[in-house]
Amino acid sequence: MSVSERPVMLITGTRKGIGRYLVEHYLKLNWLVEGCSRGESEITDSNYRHTSLDVADEKGVRAWIADVTKRHGRIDAVLNNAAIASMNHVLLTPAKSANRMLEVNVTGTMLVCRDAAKVMMRRRYGRIVNFTTIVAPIALAGEAVYAASKSAVVTFTRILAFELGQWNITCNSFGATPIMTDMIRGVPQDKIDAVVNGLAIKRLGSHQDCANVCDFFLNPSSDNITGQVIYLGGIT
Amino acid sequence: MIARNDAYQIVLASLQEVFVQSGVEPPASINEDTVLVGNAAVLDSLGVVSLIVEVEQRVESAHSVSITLANDKAMSQKNSPFRTVGVLTDHVIATAQEAAS
């Protein structure tokens, strides 16, 4: 199997929003980027390949990562950004909606980590960044199941760090403040304002904020930074 | 379809690789009955994880079949499909067969 000279990154949920921004950011930094989302991508760059995939589909994830490995022989980093949210009072949340959030946000993250880590183990190197949200630590009403799924991601990542540390694979979580993406476009403005007013830095998050934290985790010098979670805006 | 001897050789080579990677002295002889899991196992639990991943990768590399040995069926069996070299060999063949069908 031939091995690409350039580092290879997987990013999930790349069709739009933060995921798309991160693809463009890391292409500029000379990474080979492999992305996925349920839909097609409009990104056209010879160093980017898109796969239409539901991250909760075990066979699909396995086939995607097998294909990436076949073509590149390595995976250096994973950014697990794909997620779905359904903002509902818990009394109005159907089980189907709750299960779907858990499938995509928790199981999907686990599947991509699992199969990518198997490839990272060979080179005894890897960086995994799993995306969470500040709505979990601030206990935002109306997002109970979504926040619970993202709390699960944080706990999963902390334990993953211990399970994969022996192969020099670091695993960290990152929770952004609200960013104007499709995911929060339906949230009432007064609710967004209330969240922003509760932050130490009273502004919406930006795509650049996300890239900045990912850059830190991916930096080769961050090889002893693992099992951590960084929230933006002063949230702990 | 993977021939039994091919699967057996993959398991043996993977086991040797795990011993090398972990710096653990391998037993004097390894055969079908060598115990991998439980009492008298030649590997610790992390060694078993490494072995399973190594076998999956070697199967994929040699036979172009992508398999997950720790699948739902395997993990719900009363007797571990990883308990000896011989049992693991049979599990590799069965899993590859399922993946190809």
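Every number here is computed from the coordinates shown, using simple stated rules; none is lab data. Computed from a predicted model, the values in this text were never measured in an experiment. Heads up, the Cβs are rebuilt from the backbone with ideal geometry, glycines too, and the neighbour counts pull from every protein chain shown.
Evaluation of A:Asn80 against the conditions (1) in contact with a strand residue (DSSP E or B) (Cβ under 8 Å, 6 or more places away or on another chain); (2) within 14 Å of chain B (Cβ to nearest Cβ) shows that the sole unmet condition is (2). Only residues that are exposed (fewer than 10 other Cβ atoms within 10 Å of the Cβ) and either in contact with a strand residue (DSSP E or B) (Cβ under 8 Å, 6 or more places away or on another chain) or part of a helix (DSSP H, G or I) (or both): list them for the stretch B:34-51, please. Scanning the stretch B:34-51 gives a single hit, B:Ser45.
Is it fair to say A:Ser4 is in a loop (DSSP other than H, G, I, E, B), more than 29 Å from A:Leu102 (Cβ to Cβ) and of a type in the set (Ser, Thr, Tyr)? When the stated conditions are applied, A:Ser4 passes them.
Count of the stretch A:186-207 residues, restricted to those that are touching a residue at least 24 places away in the same chain (Cβ under 8 Å) and among the polar types (S, T, N, Q), is 1. The residues in the stretch B:55-65 that are facing another protein chain (nearest Cβ under 9 Å) and surrounded by 20 or more Cβ atoms within 10 Å (Cβ to Cβ) can be counted, and the count is 2.
Per the listing A:Ala77, A:Ala56, the residue uniquely in contact with a Leu (Cβ under 9 Å, 6 or more places away or on another chain), among the small types (Gly, Ala, Ser) and closer than 15 Å to A:Leu218 by Cβ is A:Ala77. Say whether the condition of being closer than 26 Å to A:Ala152 by Cβ, touching a Pro at 6+ places or on another chain (Cβ under 7 Å) and in contact (Cβ under 8 Å) with a residue 60 or more places away in the chain is met by at least one residue in the stretch A:59-76. Taking every residue of the stretch A:59-76 in turn, at least one turns out to be closer than 26 Å to A:Ala152 by Cβ, touching a Pro at 6+ places or on another chain (Cβ under 7 Å) and in contact (Cβ under 8 Å) with a residue 60 or more places away in the chain.
When you scan the stretch A:59-66, do you find a residue that is within 29 Å of A:Gln208 (Cβ to Cβ) and either of a type in the set (Asp, Glu) or surrounded by fewer than 20 Cβ atoms within 10 Å (Cβ to Cβ) (or both), even just one? No: the stretch A:59-66 contains no residue that is within 29 Å of A:Gln208 (Cβ to Cβ) and either of a type in the set (Asp, Glu) or surrounded by fewer than 20 Cβ atoms within 10 Å (Cβ to Cβ) (or both).
Kindly establish whether B:Ser29 is free of Cβ contacts under 8 Å to residues at least 60 places away in the same chain, within 14 Å of chain A (Cβ to nearest Cβ), outside any helix (DSSP H, G or I) and over 14 Å from the mean Cα position of the chain (by Cα). No: the conditions fail for B:Ser29. With a requirement of 1 or more residues that are within 14 Å of chain B (Cβ to nearest Cβ), the helices (runs of 4 or more DSSP H) lying completely within the stretch A:110-221 that satisfy it span A:144-164. Among the conditions (1) small (Gly, Ala, Ser); (2) in contact with an Asp or Glu (Cβ under 8 Å, 6 or more places away or on another chain); (3) over 20 Å from A:Phe174 (Cα atoms), the only one that A:Ser97 does not satisfy is (2). The number of residues in the stretch B:70-79 being within 11 Å of another protein chain (Cβ to nearest Cβ) and either touching a His at 6+ places or on another chain (Cβ under 8 Å) or part of a helix (DSSP H, G or I) (or both) comes to 1.
Across the stretch A:39-63, the number of residues qualifying as within 14 Å of another protein chain (Cβ to nearest Cβ) and either within 21 Å of A:Ile18 (Cα to Cα) or of a type in the set (Val, Ile, Thr) (or both) comes to 1.
I need the full set of residues from the stretch A:216-236 which are surrounded by fewer than 14 Cβ atoms within 10 Å (Cβ to Cβ) and over 17 Å from A:Thr177 (Cα atoms), in order please.
A:Asn219, A:Pro220, A:Ser221, A:Asp223, A:Asn224
Considering (1) free of Cβ contacts under 8 Å to residues at least 60 places away in the same chain; (2) under 24 Å from A:Asp215 (Cα atoms); (3) touching a strand residue (DSSP E or B) at 6+ places or on another chain (Cβ under 6 Å); (4) buried (at least 17 other Cβ atoms within 10 Å of the Cβ), the lone condition that A:Arg6 does not fulfil carries the number (4).
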